[in-house]
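Everything below concerns the one structure shown next.
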Amino acid sequence: MSIIEKVQYIWPEIAMFIATCVVMVLGLSPSLAIRRLCSPVCGAALVIAGLLAVMGPDTAPAALPHLMPYAKVIVAGVGLLLLLLLAGTVDREEESLIATGRARFNPLRTNRAEFYAFFLFSLTGVMLCASASDLIWLFLALELTSLPTYIMVTVSTRGRSHEAGVKYFFLGALGAATFLYGFAMLYGGTGTTDLSGIRQHFAEHGINSIAMLGLLLSVLGIGFKIAAVPMHFYTPDVYEGAAAPVSAFLAFVPKTAGFLAIMLIASLPGWGYGPVAGADGVIRDGLGAGASLPEALRLTLWVMAALTMTVGNVLALWQNSVKRILAYSSIAHSGYMLVGIIAGPVGERFIDNGLAAVLFYLLAYGVMNVGTFAVLACLEKSGGAALQSGARSTGLETGATTEIETVDDLRGLCRTHPAMGWTMVLCSLSLLGFPPLLGFMGKFPLFTAGIAAGEIPLVIVLGINSAIAAFYYLRLVAAPLLEDPSPASPPATPTPFPARPMAALLSAASVLILVGFAGVLMKQSAKAGETVVSPGHTAGRGASDGVAAWNP
Amino acid sequence: MIGVAPALNGVIGALAQEGPAHAATAAGPAWAALIPALPLLGVVLCTLCAVFRVKNRLPAVLTVACLAGAFGLTVWMFLTTGHGTAVTTSLDWIRFHAAPGHEFVSSWGFFIDPLTCLWMLFVTGLATLIAIYAGEYMAGDAGAGYSRFFAAFNLFVFSMACLVMADSLVLLFLGWEGVGLCSYLLIGYFYKRPAAVAAAKKAFIMNRIGDVGLMMGITSTWVVFGTVEYAPIFDMISRGVDGAGNALPEWAGWVIPSLFTIGAFGKSAQLFLYVWLPDAMEGPTPVSALIHAATMVTAGVYLIARMYPMYVLDGTHWVLTLIAWSGAITALWSATIGMAQFDIKRIMAYSTVSQLGYMFAGLGVLTTTGAAFHVFTHAFFKATLFLCCGAVMHGFAGQLDLRRVSGLWSMRGWAVVTIAMLVGCLNLAGFPFTAGFFSKDMIIAECYVTPGMAPVGWVLLLTAGLTAYYTFRVFFRVFVGPAEFEPGDEAHAHGPAGDDHGHAAGAGTPSSVDSTDHSHGFHPHAPGLAINFVLGLLAVLSLAAAATYFVGGEHGWVGEMVHHSTAGVSGAALPGGGAVHADLETGAPGFLGYNPHAVMYYVSAAVGLIGILIAAFLHGPRGVGGLLIGSRRHAATSRADALLPVLGPVARGAQHKWYVDEVYDFLIIRPIWVIAHLFHLFDKLIVDGLVGLAGWLPRGMGGAIRPTQSGHLHGYAVGMAGGVAVLLLVVLLVAW
Amino acid sequence: MLATYLPVLLILLMTITFATANLVITRLLGPSRAGGSVKSMTYESGMNPVGTARKRFNVRFYLIAVVFLVFDVEIIFLYPWATTFANLEPGSQDSAIWLGRIMFFLATTVVAYLYGWRKGVFKFD
């Protein structure tokens, strides 16, 4: 496929890229009015990208032919929420100094241009992941997603975020090295980097050892993006170190990219590959006639899923910092979604299609996750400078305020800040999977798809973990709703950025309102989760009629 | 009513064919529903009194009015119904489809036949009188528990009316449970006293054991007959078919009666289940008189009498034989305990158990008439006796120990009580020509008529002697002789005495207190007008009950009533034909070769007199009061004290109620307690432990892997690389 | 045969001319200052290359290094493109695509240049 053909699929990305270039320059203008255009331009870019994605071609010659529009639209949508939330994350002190005339504009001291540019870069990377048709493309897209986030973490706050950024960067490099190694072995095993080519190779020649090792390493390495065990270590430290809006960004954007990449990688052998009993009774991996992923890949993902949700949940129990709780819960949610990847497209119906479940869950998780982090981002308390371990009082800060941090800080929030309190309650309940909120709508198909795929033990693990998760999510519900404000800690005050509460309220509202549109969203995600029949398939598991005939 | 009509017609037809026993059946009067409704109104009114904190005796007045109205209606019902059988349906109560084409129906309807009338007459009549009595007796509680007392009292009468008048077993069960509840509420009336609470609990639990039997009996009836309504059931029994029209299964003839009998044993304090009744004396005395002597405890007798056609289904009658024997044993057993007690109310309680034993024996030997007659007479004289005891208790501040009160006759204002007591005692002792004499006679005589039941007769005869002894022991000790008393502990604290009278008595060294010892400043107050009026009236009624023996048919008025009810035992009604009773002409067993019916008058009169004389000799005071053979000079001592060392363990055993409570405690309560504690341990360690573990495990796991989150970059890097390596190794080993 | 190496010779000549011309023009146009220890160092605008490497130095050097790398590395990409582009048939669709690609690439370089300029990395004060 030539570049001309490819361009029609990546108009959203191109739009985003252009906006990035514009933002990068605008943010460095000495004029405050122009600098302030960064955020609107980003918003416009996201809207345009979303529209382009909708208007773009519906079907692409890929394993997941309808994935692109859906993935790009949810990225643009949740990206808009994140954009609102990111308001004021960087340059808050610098801008106030300039505004009060104590300093002159110095482009070297401000980060606004880079921050918003990287924000768009990262989202562009996610969209490119969805468009990827080649291993190299996929790698570059994944790194385009991740590299900006390293910077975003580092510049988001003073002090702790630097340590978090460094950790994130080095560990991210290790993760990237792992899946790059995997990609290299896939190339070595199949002789091509083209995803369709690899699929064809697998279909015709089976999976040789090198390619299999490549698959496993790729999945394990991409595990870093979705914070899956054993690549999860960085998560709590980085989320805690970064400012809450950036944490929200981290919990959604690289995770989405990772899941899209894992879907693409898993679709190389396909879900119709797994072990089947041959005529001689011996069970072996079949050539497209089986009923699951190749056994080794399935087992890897299985162990990753089970460990990820368990580790995430049990560690969250010990935390007192809301951000760390949410970080561990983010790990756990990746574990849940891996169940959908393992299940794969069992049937055409939404509840039978694990990929559709994952795609839907990504949207649900993005929305409710933004809500919880937004509450943290919207409130700050004074006198918390000591909490920020590395923060040196430079005298430049406009009063030492920090984000609210612990569960204690959330106490009585429903009375002191009702909007924030209820957002926390709703989003936490939704994350818990409390019916009938959006989180429940998201989690339910993971169960059904898992059952449909016959992964009963994993579904049981999923169920147990959902119960464990209730322990700490209910803490987040009970503290604002039932408890009295803690007299010991200083009262929380709202941050002076009206966009942040807007993001919080939009998320909370979405958790409720999107339930009403769940039917439409499920239909769209079911379509996005459709896979084509692998070459050589005699009986497809989840192929829809419209694309079954397509053959690369 | 419409639904019942066809079945009823069947009954009419069947009964008309079966013989003279059931002369006529008609649609009952709709106003019969007012009989239970009036006490229910009383409940509402008394509750309102409680709500509005009425401080005077208004609840008593309302109660008496309601109950008197109910009694009046009952009399009217009796007069209009006569000897016929009537069924009336007030409203559909329970109706649902149990099976295709088969409905479970239990309407709120009433089955009115002479047996119902008989029971309702003395229930409502006695309830009215006792309510009048209680109005004065409970006056000390006016404003506090007064309304509560009368609300429960009314509720009891309502429940009893449901029980007796029910036209189905389900409604009967409702009443059955209702009276149990009221019994519980009223025994525990003084809920601040642990003994009362314990007694209430005991009564309730013991009754539940019986109730299981009744409930299973009702369900079995449903299984066999497909209905729980009397009319169709009796119709089917008379035709010998079950609900489906097939021949009755053989087991129905003994399983259902056995289950009903268990229920009856519980409610009527028979055999193993009697222990709650003596303890129930913790309740206020009017309650003891009405519920635990006259009416509720006869519910078991009523149940068996009502379901009698079912009992005679089985040709071998072994259930009835069992009932007869258990009745006789209960009678003897509790009589022996009664002989050795010192608490006069408890003595009366044991005598109640004993007399109930007579009634069961009567049922067992196929004389429902005798049983019902005894219920009828017993209701009056036992109510009299209890109310007399209550008057004593009331007057002497809760004193019930017969060694501490003596010579009431010689105290001012106690004449009516003494005379009423004498009448009651004579009845209970079976003194010739009293009502108790005739009713007891009938049962004992019938024992000798029924084949194989002569030993029961002998036991009952012996018991009659013992009964006469312990009855008059009370009379001679308390009501005649030197005037002495020692007030009970209510002189110091409000509330009836605790149950420790008997225990104090067990010490055997009662302190003699002469009438000059008024150091506590206590003056006994003689009963007032209401109590005296009720006692006098009841005494008269107790005597008058004897007259009913001479009106009506062969067995008196009661016999006539029973004969025309479902409890009527006629030869034709029995599957075995008329050969149940021994044919005396053919020389079957009689009483020592004589016709029992003829000689029993003399024999039982003699036995009763001997008992009375022994009591007089052992306990009677010098002079006329002791029938000239007594020698007692003090309240506390008597000739019987000399017998104690001779009898030794027997006397001690009887005093301690044969240690039945202790045996139950050891055999049942302890093991259950131990098992309960084991289960509790299981719950605590295993169930709670598992729950706790479920909560702790995730946290523990988290704690265990928490050190991996050290915050050190190199640690994380090693973790990631190592994790990938281990995972790959595992996957390669397992799946490759 | 010798003609093959002509371009090399040309480059050599151009380099020498460029360097010499620069030196001469600087000499002629630039203000002359008295020599000093820094002034006499090999890399006058850089840091002292002698001594330990573990010492603090101005962060601006990083910026210069990064900017240098960006442009330097980008220029390196031009060589393989140039050699391949020459083999394409002129006017064909492929050549257009290849031209488009490199133009896009160069556009990003321009954006990077613009960014660096606005950021002030070229200011040495």
Exercise for review: Mind listing just one residue for me: the one in the range A:294-312 that is facing another protein chain (nearest Cβ under 8 Å) and among the hydroxyl-bearing types (Ser, Thr, Tyr) and, of those, surrounded by the fewest Cβ atoms within 10 Å (Cβ to Cβ)?
Suggested key: A:310
Check your understanding: Just one of A:154, A:124 is part of a helix (DSSP H, G or I), of a type in the set (Val, Ile, Thr) and either surrounded by fewer than 24 Cβ atoms within 10 Å (Cβ to Cβ) or more than 14 Å from chain C (Cβ to nearest Cβ) (or both); which is it?
Key -> A:154
Check your understanding: So how many residues does the range B:71-85 have that are out of contact with any Phe, Trp or Tyr (no Cβ under 9 Å at 6 or more places or on another chain) and aromatic (Phe, Trp, Tyr)?
Key -> 2
Practice item. Out of the residues in the range B:49-91 that are under 26 Å from the mean Cα position of the chain (by Cα) and hydroxyl-bearing (Ser, Thr, Tyr), state the one that is surrounded by the most Cβ atoms within 10 Å (Cβ to Cβ). Key: B:63
Review point. Does residue B:214 satisfy the condition of being farther than 27 Å from residue B:105 by Cβ, crowded, with 19+ Cβ neighbours inside 10 Å, under 20 Å from the mean Cα position of the chain (by Cα) and modelled with pLDDT of 90 or more?
Key: no
Check your understanding: Which one of these is hydroxyl-bearing (Ser, Thr, Tyr), within 14 Å of chain B (Cβ to nearest Cβ) and assigned to a helix (DSSP H, G or I): A:218, A:247, A:196?
Key -> A:218
Point to revise | Answer residue from the range C:88-125, given it is assigned to a loop (DSSP other than H, G, I, E, B) and acidic (Asp, Glu) and is nearest to the other protein chains (Cβ to nearest Cβ) among those | key: C:125
Check your understanding: Tell me, which residue of the range B:685-699 that is facing chain A (nearest Cβ under 9 Å) and surrounded by 13 or more Cβ atoms within 10 Å (Cβ to Cβ) is nearest to the chain's Cα centre (by Cα)?
Key -> B:695
Practice item. Just need a number here: residues in the range A:181-193 that are of a type in the set (Phe, Trp, Tyr) and either part of a strand (DSSP E or B) or over 20 Å from residue A:222 (Cα atoms) (or both). Key: 0
Review point. Which of (1) within 11 Å of another protein chain (Cβ to nearest Cβ); (2) in contact (Cβ under 8 Å) with a residue 12 or more places away in the chain; (3) closer than 22 Å to residue A:105 by Cβ does residue C:67 not meet, given it meets every other one?
Key: (1)
Practice item. List every residue pair whose Cβ atoms sit under 6 Å apart, with the two residues 6 or more apart in sequence or on different chains, where the first one lies in the range B:32-48 and is crowded, with 18+ Cβ neighbours inside 10 Å and the second, anywhere, is of a type in the set (Ser, Thr, Tyr). Key: B:32/B:88; B:33/B:90; B:35/B:74; B:42/B:63; B:46/B:147
Review point. Any residue at all in the range A:478-495 that is within 30 Å of residue A:318 (Cα to Cα), charged (D, E, K, R) and modelled with pLDDT of 90 or more?
Key: no
Review point. When you go through A:266, A:291 one by one, which is the residue that is modelled with pLDDT of 75 or more and surrounded by 24 or more Cβ atoms within 10 Å (Cβ to Cβ)?
Key: A:266
Practice item. Kindly provide the set of residues from the range A:22-55 that are within 14 Å of chain C (Cβ to nearest Cβ) and touching a residue at least 40 places away in the same chain (Cβ under 8 Å), ordered by number. Key: A:23, A:24, A:25, A:26, A:27, A:28, A:30, A:35, A:38
Exercise for review: Could you grab me the full set of residues in the range B:700-736 that are more than 17 Å from residue A:178 (Cβ to Cβ), among the small types (Gly, Ala, Ser) and either buried (at least 17 other Cβ atoms within 10 Å of the Cβ) or facing chain A (nearest Cβ under 7 Å) (or both)?
Suggested key: B:702, B:703, B:711, B:735
Exercise for review: Evaluate the range A:5-18: report whether one residue or more is more than 22 Å from residue C:100 (Cβ to Cβ) and away from chain C (no Cβ under 14 Å).
Suggested key: no
Study note, to complete from the structure: For the range A:313-369, the count of residues that are away from chain B (no Cβ under 14 Å), of a type in the set (Phe, Trp, Tyr) and under 22 Å from residue A:410 (Cβ atoms) equals 1
Check your understanding: Of all residues in the range A:6-26, which are under 18 Å from residue A:79 (Cβ atoms) and part of a loop (DSSP other than H, G, I, E, B)?
Key -> A:10
Check your understanding: Considering the range B:607-640 alone, what residues qualify as being exposed (fewer than 14 other Cβ atoms within 10 Å of the Cβ) and assigned to a helix (DSSP H, G or I)?
Key -> B:624
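Listed here are the residues, each with its yes/no results for (1) within 24 Å of residue B:552 (Cα to Cα); (2) within 15 Å of the chain's Cα centre (by Cα); (3) crowded, with 24+ Cβ neighbours inside 10 Å; (4) not acidic (Asp, Glu).
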residue: B:301; (1), (2), (3), (4): yes, yes, yes, yes
residue: B:322; (1), (2), (3), (4): no, no, no, yes
residue: B:325; (1), (2), (3), (4): no, no, no, yes
residue: B:335; (1), (2), (3), (4): no, no, yes, yes
residue: B:354; (1), (2), (3), (4): no, yes, yes, yes
residue: B:363; (1), (2), (3), (4): yes, no, yes, yes
residue: B:369; (1), (2), (3), (4): yes, no, yes, yes
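Table: residues versus (1) assigned to a helix (DSSP H, G or I); (2) surrounded by fewer than 16 Cβ atoms within 10 Å (Cβ to Cβ); (3) touching a Cys at 6+ places or on another chain (Cβ under 6 Å).
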{"site": "A:28", "(1), (2), (3)": "no, no, no"}
{"site": "A:47", "(1), (2), (3)": "yes, yes, no"}
{"site": "A:72", "(1), (2), (3)": "yes, no, no"}
{"site": "A:84", "(1), (2), (3)": "yes, no, no"}
{"site": "A:94", "(1), (2), (3)": "yes, no, no"}
{"site": "A:102", "(1), (2), (3)": "no, yes, no"}
Review point. Restricting attention to the range B:233-282, which residues are touching a strand residue (DSSP E or B) at 6+ places or on another chain (Cβ under 9 Å), surrounded by fewer than 24 Cβ atoms within 10 Å (Cβ to Cβ) and among the aliphatic types (A, V, I, L, M)?
Key: B:241, B:247, B:248
**Study point:** Among residues of the range A:30-45, those that are surrounded by 15 or more Cβ atoms within 10 Å (Cβ to Cβ) and part of a helix (DSSP H, G or I), counted
**Key:** 7
Exercise for review: Of the conditions (1) more than 13 Å from residue B:436 (Cα to Cα); (2) modelled with pLDDT of 90 or more; (3) touching a Ser or Thr at 6+ places or on another chain (Cβ under 8 Å), residue B:394 clears all except one; give me its number.
Suggested key: (2)
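The values are calculated or read from the model by the stated rules, or taken from the named source; none is laboratory data. Keep in mind it's a predicted model, so treat the numbers as computed, not measured. No Cβ is skipped: glycine too gets one built from the backbone with ideal geometry, and neighbour counts run over all protein chains shown.
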